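Everything on this sheet refers to the single structure shown next.
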């Protein structure tokens, strides 16, 4: 994804494939690392991954709430990509 402004609400994944067995987060863009990875903070301003995330995409508050609600079921479990779950949610909302 192209540049995101500081403060953008995003889904961020360690790798671009969004594997739920890798680190991921829903939070706010706070900047970029020297290597071009996205820095993401939580609502308290705490950085969620020191090395940043390779992929981040802006999401709505409703999308964020949905993703956070399914994290316990999909996190650290082999299965569909986080990006697949986001796309599926968006398709359902558009139907």
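Just so it is clear, none of the values below were taken in a lab; they were calculated from the coordinates. Quick caveat: nothing in here was measured; it's all calculated off a predicted structure. Virtual Cβ from ideal backbone geometry, glycine too; neighbours counted across all protein chains shown.
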So residue 40, is it surrounded by 18 or more Cβ atoms within 10 Å (Cβ to Cβ), part of a strand (DSSP E or B) and in contact with a helix residue (DSSP H, G or I) (Cβ under 7 Å, 6 or more places away or on another chain):
no
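Let's see how each residue does on (1) surrounded by 10 or more Cβ atoms within 10 Å (Cβ to Cβ); (2) in a helix (DSSP H, G or I):
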site	(1), (2)
49	yes, no
57	yes, no
62	yes, yes
66	yes, yes
72	no, yes
77	yes, no
84	yes, yes
89	yes, yes
92	no, yes
Pick from segment 1-24 the residues that are in contact with a helix residue (DSSP H, G or I) (Cβ under 6 Å, 6 or more places away or on another chain) and in a loop (DSSP other than H, G, I, E, B): which of them is nearest to residue 52 (Cα to Cα)?
18
What do you reckon, is residue 34 loosely packed, with under 12 Cβ neighbours inside 10 Å, part of a loop (DSSP other than H, G, I, E, B), touching a residue at least 12 places away in the same chain (Cβ under 8 Å) and on the phi < 0 side of the Ramachandran plot?
no
Inside segment 1-29, the number of residues satisfying the requirement of being over 24 Å from residue 74 (Cα atoms) and surrounded by fewer than 17 Cβ atoms within 10 Å (Cβ to Cβ) is 5
